[in-house]
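Note sheet for the following structure.
The values are calculated or read from the model by the stated rules, or taken from the named source; none is laboratory data. Keep in mind the model is a prediction, meaning the values are calculated, not measured. Remember, those area values only see protein heavy atoms, side chains included, never the ligands or the DNA or RNA. Shrake-Rupley method; radii C 1.70, N 1.55, O 1.52, S 1.80 Å.
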Amino acid sequence: MGKDTASQEIMDILSPVLGAELAAAIIEHRKRTLKKPLTVYAARMQAREYLLTGDPVGAAEMQIFRGWQAIKCDWYLKEEAREAGSINSSTRRTTVDAARDFLSGKDHSWDAFGFPGIRRH
C-alpha cells in the first residue's frame, strides 16, 4: 500500500468520527510531534476508542493537549473524573471554612457546625 493511499485511508477512518480538521491534526500530531506516524490498523483501533469515550472530539483533543501517542477510553474517563473532582473539591466547603465563618459571625445557621444548642456569640 502506497504512502498516499495509507494517508487517505487513515483520513477516511478518522474523519467520520472526528471531523476532517481534527483527524488531520491527530495525524499531524503523531507524525511530527511524536515522530510515530499512525498506521491504518492503529487508526481503526483509535477510532473505536474515541467512540467508546462518548466524546470523540474531546478525547482526541485531550490526546493532543496531553501529548499522548494514543488514547484509551478509560484513560479519558479517568482524566475527566480527575478534572471534575478537582473542580468540585475546590468549591467544597471544608470544616475550616465553616469554623472561619462561625468565628467571624457569617454563620447563618445559628448553630455551630450543625449542633443545636451551641450558639454563636
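Quick one: 3J(HN,Hα) in Hz for the range 24-35, Karplus 6.51/-1.76/1.60 with θ = phi - 60°, rounded, Gly and Pro as x.
5, 5, 5, 4, 5, 4, 5, 6, 9, 6, 9, 6
Taking 0.36 nm per residue of separation and subtracting the Cα-Cα distance, what length does fully extending Val57 through Thr33 add? List each step's numbers first, then the result.
Values: separation 24, 0.36 × 24 = 8.64 nm, distance 1.91 nm.
Gain on stretching Val57 to Thr33: 6.7 nm.
Top to bottom by accessible area (1.4 Å), largest first, where do Arg30, Arg44 land? Walk me through the numbers before you get to the answer.
On the way: Arg30 20, Arg44 105 Å².
Sorted descending by solvent-accessible area, the residues read Arg44, Arg30.
Using 0.36 nm times the number of residues separating Ile64 and Glu21, minus their current alpha carbon distance, what extension gain do you get? Please report the intermediate quantities before stating the final value.
On the way: separation 43, 0.36 × 43 = 15.48 nm, distance 1.30 nm.
Here the segment from Ile64 to Glu21 would lengthen by 14.2 nm.
Which value, in Å² rounded to 10, gives the accessible area of Thr33 with a 1.4 Å probe and all protein chains present?
Its accessible surface works out to 90 Å², give or take rounding.
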